[in-house]
Amino acid sequence: MVQAAEQQTGAENILWDLSVFYSSVDDPALQRDMEALEQMADTFASTYRGRVAQLDAEELVEAMIEQERISDLSGRIGSFAFLNFSTNTTDPQLGALVQKVQEHGSRLQQKLLFFDLEWKAVDDDRAQKLLADPTLSAYRHVLESELRYKPYTLSEIEEQLLVEKSVTGRSAWSRFFTQLTSALRFDYDGQKLNQAQVLNYLYDTNRDIRQKAAVSVTEGLRARIMELTYVFNVLAADKASDDKRRGYPTWISARNLSNKAPDDVVNALIEAVTSNYDIVARHYNLKRVLLGYDELYDYDRYAPLPIEAADREFSWEQAREMVLGAYNAFSPRMSEIASWFFSNQWIHAAVLPNKRGGAFSSQTVPSAHPYIMVNFLGKSRDVTTLAHELGHGIHQWLSSQNQTLMNAYTPLTTAEMASVFGEMLVFTDLIEKEPDPAVRLSMLASKLEDSFATVFRQIAMNRFEDGLHTARRSEGELSPDRISEIWLETQRAMFQGSVNLRDDYGLWWSYIGHFIGSPGYVYAYAFGELLVLALFNLYRKRGAEFVPQYIEVLSSGDNDYPDKILAKAGVDLSDPAFWNEGIAALRALVEQEEQLAREVYPEKFASR
Ligand SMILES: [Zn+2]
């Protein structure tokens, strides 16, 4: 942050203009709109409660439109509060507004909840007849996808009981896990470190430090392994009984349903990734040579590569030109949309003392437009981040313009479709224009490790979860050793001997919150990233004819299941060959990396 004040990038004055929502946090319209919303929700409830089963197609459309009006207005308030807060997180007035808006939103939600429940209770024949009515076409997908849960929904009293008992069941154990892992302290050099601090040492250039940190992590986990194992067992058993009661055929079925990803699509993804683990091994074998080690151990996975490369600096103006240029070469339409973010003050790029870190694009609501937040410091990574967020922005804008509110927000699996794509466009440009091969090597290596973390690691974790849930269902309560065995087996499979995962690493499943808080979730990251890489490879093969199909896909938002939307662009998600297109893109990057490494450090390869 100090650096930013010293080195001017030109992003210092790039602030967004939120006046599309309200003139300021003191704008009296804010309070007026909140009151109006309560009114609208009350009127909606008194009009429709108890009547959903009798509505005809036209009345149902009216009800959907009214819900969208409510969501749009409350989304304007929520977006305004959230965006303001993001750039000044310590201002108590902004914090209080966010809290107030959240409480207001929750009250609205409770008032409107009845509608979905009543819709799911409409008898099947009537529901199907309504869905077939062309009057309802804009809302067919929303209504139809709600109904998918019907076969797995229990009686009202059972559902109420499950919600009530989860407070002292699943949610209680999940919270206990969070508290337990947050309170864990790791002994390191006479200090007591928390998890983030000790894990950070795994990125150190000094191998002794990394090794000591790894020992510390293992010992810290070992001290609490009895409790951690118990939580894993309880929650796996809880999920097994839920799934059985509801009638889900496998441990992952409920997750696939909420991701709108059919089982055969998820299986094709997993098959494509696990059968190409050799790409991971090739990268780590290369890393071993570059580091000059005889063998890589688990604590070397995040070791920085010893590459001496000049750090490039980019001004805001240069970044803008590069990003718009890269989009323009792909699609002038996308570049035009991206340019509005700059010309209309839809971006906040300045680095400020109390602004939140990272970057995001917020879709807000269809009656406004998306906003992008970045912290621009002028590094090449900042340029690709800008491209990434603009990709989200373009996608969200296209979706908001072409869909009604209920169909405008994409699920996680397809949310990165334009962002990672745009990032690839700019990354490819950046690397092609970079004259120094050492800089290119360093860029490639970090890009690959990012992609591996998203694609291969998440699928290896999915294989662990699969092993864990399957074993808990067939073998009963699992010992720490048994879980460690499943962990090592699934993680060693990914590295294929390129990294020696010591038996001590066996306990490292026990602090990963995803397994506890959202079982089955991790594959969605791999889904999103690989989908984009595959589309990117398709673009390289098909060229210009791919562009309008792709824009059509982006414009579809959430108006159908992702596999159906993509089928219109000639993509079959249930075909492993499609996913292999994405793998091929990663393989090409590894090959490029291997070549470059030999060019930059011929001496390291002399005897090989
Ligand atoms: Zn993203």
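The values are calculated or read from the model by the stated rules, or taken from the named source; none is laboratory data. All values reported here derive from a predicted model rather than from experimental measurement. Cβ coordinates were reconstructed from backbone atoms using ideal geometry, including for glycine residues, and neighbour counts include every protein chain displayed.
Quick notes
- Residue in the range 466-473 that is more than 16 Å from the ligand (Cβ to nearest atom), aliphatic (A, V, I, L, M), part of a helix (DSSP H, G or I) and surrounded by fewer than 20 Cβ atoms within 10 Å (Cβ to Cβ) present: yes
- Contact annotation: residue pairs with Cβ atoms under 7 Å, 6 or more positions apart or on different chains, pairing a residue in the range 404-427 that is without any contact (Cβ under 8 Å) to a residue 40 or more places away in the chain with a partner that is among the β-branched types (Val, Ile, Thr) and within 12 Å of the ligand (Cβ to nearest atom), are Glu423/Thr384.
- Residue in the range 548-562 that is hydrophobic (A, V, I, L, M, F, W, C) and more than 18 Å from the chain's Cα centre (by Cα) present: yes
- Looking only at residues in the range 505-524 that are part of a helix (DSSP H, G or I) and touching a Lys or Arg at 6+ places or on another chain (Cβ under 9 Å), the one that is modelled with the lowest pLDDT is Ala524.
- Checklist (1) among the hydrophobic types (A, V, I, L, M, F, W, C); (2) without any contact (Cβ under 8 Å) to a residue 12 or more places away in the chain; (3) surrounded by 19 or more Cβ atoms within 10 Å (Cβ to Cβ) applied to Ala453, failing item: (3)
- Asp17 at pLDDT 95 or above and part of a loop (DSSP other than H, G, I, E, B): yes
- Residues located in the range 348-374, provided they are more than 21 Å from Ile337 (Cα to Cα) and not small (Gly, Ala, Ser): Val351, Leu352, Pro353, Asn354, Lys355, Arg356
- Scanning the range 20-32 for residues that are outside any loop (DSSP other than H, G, I, E, B) and surrounded by fewer than 19 Cβ atoms within 10 Å (Cβ to Cβ) gives Pro28, Ala29, Gln31, Arg32.
- Within the range 255-280, if we keep just the residues that are touching a residue at least 24 places away in the same chain (Cβ under 8 Å) and among the acidic types (Asp, Glu), the residue that is nearest to Thr414 (Cα to Cα) turns out to be Asp264.
- Residue pairs meeting the criteria (Cβ under 6 Å; at least 6 apart or on separate chains; first of a type in the set (Gly, Ala, Ser), in the range 570-581; second at pLDDT 90 or above and surrounded by fewer than 16 Cβ atoms within 10 Å (Cβ to Cβ)): Ser574/Asp264
- When restricted to residues that are surrounded by fewer than 23 Cβ atoms within 10 Å (Cβ to Cβ) and in a helix (DSSP H, G or I), the range 338-349 contains 4.
- In the range 357-369, the residues that are within 12 Å of the ligand (Cβ to nearest atom) and of a type in the set (Gly, Ala, Ser): Gly358, Ala359, Ser361, Ser362
- Members of the range 148-167 found to be of a type in the set (S, T, N, Q) and either surrounded by 15 or more Cβ atoms within 10 Å (Cβ to Cβ) or closer than 19 Å to Arg255 by Cβ (or both), listed by number: Thr153, Ser166
- Residues of the range 568-585 include at least one that is part of a helix (DSSP H, G or I), out of contact with any Leu (no Cβ under 9 Å at 6 or more places or on another chain) and more than 30 Å from Leu305 (Cα to Cα).
- Every residue from the range 168-192 that is crowded, with 17+ Cβ neighbours inside 10 Å and farther than 28 Å from Pro519 by Cα: Tyr188
- Candidate set: the range 84-134, residues that are at pLDDT below 90 and of a type in the set (Ser, Thr, Tyr); chosen: the one nearest to Val351 (Cα to Cα): Thr89
- Tyr539 being modelled with pLDDT under 95, touching a helix residue (DSSP H, G or I) at 6+ places or on another chain (Cβ under 7 Å) and more than 30 Å from Ser335 (Cβ to Cβ): no
- In the range 373-399, the residues that are at pLDDT 95 or above and of a type in the set (Asp, Glu) form Cβ pairs under 9 Å with partners that are part of a helix (DSSP H, G or I) and within 11 Å of the ligand (Cβ to nearest atom), at six or more places apart or across chains, as follows: Glu389/Ser419; Glu389/Gly422.
- When the residues of the range 259-270 are filtered to those that are buried (at least 16 other Cβ atoms within 10 Å of the Cβ) and not charged (D, E, K, R), the one that is farthest from Pro576 (Cα to Cα) is Asn259.
- If the condition is being in a helix (DSSP H, G or I), within 12 Å of the ligand (Cβ to nearest atom) and under 19 Å from Tyr561 (Cβ atoms), then the range 382-423 contributes His395, Leu412, Thr414, Ala415.
- Test: Ile372 is aliphatic (A, V, I, L, M), assigned to a helix (DSSP H, G or I) and within 15 Å of the ligand (Cβ to nearest atom): no
- Looking across the range 384-439, the residues that are within 18 Å of the chain's Cα centre (by Cα) and among the hydrophobic types (A, V, I, L, M, F, W, C) come down to Leu386, Ala387, Leu390, Ile394, Ala408, Leu412, Ala415, Met417, Ala418, Val420, Phe421, Met424.
- Members of the range 274-312 that are of a type in the set (Ser, Thr, Tyr) and either within 15 Å of Arg492 (Cβ to Cβ) or outside any loop (DSSP other than H, G, I, E, B) (or both): Thr274, Tyr277, Tyr284, Tyr297, Tyr299
- Filtered by the rule that a residue be more than 22 Å from the chain's Cα centre (by Cα) and either within 15 Å of the ligand (Cβ to nearest atom) or among the aliphatic types (A, V, I, L, M) (or both), the range 342-356 gives Ala350, Val351, Leu352.
- Conditions (1) crowded, with 17+ Cβ neighbours inside 10 Å; (2) away from the ligand (no atom under 16 Å from the Cβ); number of the one not met by Lys379: (1)
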